[in-house]
Ligand code: CA2
């Protein structure tokens with residue numbers, strides 16, 4: 001089974017600032033954790049990060065016929081992007097949305113996710129372990 005893990009804008013800055021909200025783990029150590037988890041489960045994983053909405057759309061489209069599932073933390077595009085919503089709908093690849101922080105308990109503008117309706121699940125507020133839970137969910141469902 002092949003999983004594509006996508007991280008959106010500013011997630012490459014993890015561990016550098018705002019540790020009270022996003023924790024102390026760096027982006028590199030998060031990716032290592034996901035890769036080790038997937039290896040232990042016999043899953044192929046490809047992890048990518050971009051600050052650009054169009055690049056994320058391109059990668060979601062690439063998942064069509066090339067990946068069995070997507071794990072995505074769209075960063076701030078969560079709260080703005082119809083383009084990412086449409087891309088997930090277009091490819092119909094089972095997708096799990098992940099947020100490190102509990103977006104439902106933060107500012108009002110963060111409580112809206114444009115992507116949620118196209119995803120099979122949303123995992124929010126479980127820190128970086130949420131990515132591993134998302135992988136496990138996809139592995140169970142597929
Ligand atoms: O909780 C999450 O995972 C978010 O998707 C993270 C986004 C935020 O815009 C969403 O509302 C919730 C932010 C990405 C990382 O931002 C950083 C800011 C400062 C230092 C490090 C990362």
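Each value in this text was obtained by applying a stated rule to the coordinates, not by laboratory testing. Just so you know, these numbers come straight off a predicted model, no measurement behind them. Backbone-built Cβ (ideal geometry, glycine too); neighbour counts: all protein chains shown.
Summed over the range 15-41, the residues that are touching a residue at least 40 places away in the same chain (Cβ under 8 Å) and either away from the ligand (no atom under 13 Å from the Cβ) or outside any helix (DSSP H, G or I) (or both) give a count of 7.
Quick grid of which residues meet (1) within 16 Å of the chain's Cα centre (by Cα); (2) within 12 Å of the ligand (Cβ to nearest atom):
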{"site": "70", "(1), (2)": "yes, no"}
{"site": "73", "(1), (2)": "yes, yes"}
{"site": "104", "(1), (2)": "no, yes"}
{"site": "110", "(1), (2)": "yes, yes"}
{"site": "115", "(1), (2)": "yes, yes"}
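Can you find a residue in the range 121-133 that is touching a residue at least 60 places away in the same chain (Cβ under 8 Å), crowded, with 18+ Cβ neighbours inside 10 Å and in a helix (DSSP H, G or I)? Checking the range 121-133: at least one residue is touching a residue at least 60 places away in the same chain (Cβ under 8 Å), crowded, with 18+ Cβ neighbours inside 10 Å and in a helix (DSSP H, G or I). One residue stands out in the range 78-87 among those that are crowded, with 19+ Cβ neighbours inside 10 Å and either within 12 Å of the chain's Cα centre (by Cα) or within 13 Å of the ligand (Cβ to nearest atom) (or both): the one that is farthest from residue 1 (Cα to Cα), namely 81.
Among the residues of the range 69-83, those identified as part of a helix (DSSP H, G or I) and in contact with a strand residue (DSSP E or B) (Cβ under 8 Å, 6 or more places away or on another chain) are 75, 78.
From the list 98, 93, the one residue that fits, being assigned to a loop (DSSP other than H, G, I, E, B), touching a helix residue (DSSP H, G or I) at 6+ places or on another chain (Cβ under 6 Å) and under 28 Å from residue 64 (Cα atoms), is 93.
Checked against the criterion of being closer than 19 Å to residue 11 by Cβ and within 14 Å of the ligand (Cβ to nearest atom), the candidates 58, 129 yield just one match: 129.
On inspection, residue 94 does not qualify as more than 10 Å from residue 5 (Cα to Cα), touching a residue at least 60 places away in the same chain (Cβ under 8 Å) and touching a strand residue (DSSP E or B) at 6+ places or on another chain (Cβ under 9 Å).
With respect to the conditions (1) more than 18 Å from residue 133 (Cα to Cα); (2) more than 16 Å from the ligand (Cβ to nearest atom); (3) touching a residue at least 40 places away in the same chain (Cβ under 8 Å); (4) assigned to a helix (DSSP H, G or I), residue 66 lacks only one, and its number is (4). Within the range 57-74, the set of residues being over 25 Å from residue 140 (Cα atoms) and surrounded by 14 or more Cβ atoms within 10 Å (Cβ to Cβ) comprises just one member, 57. The set of residues in the range 101-120 being farther than 25 Å from residue 38 by Cα and not in a helix (DSSP H, G or I) consists of 106, 107, 112, 113, 114.
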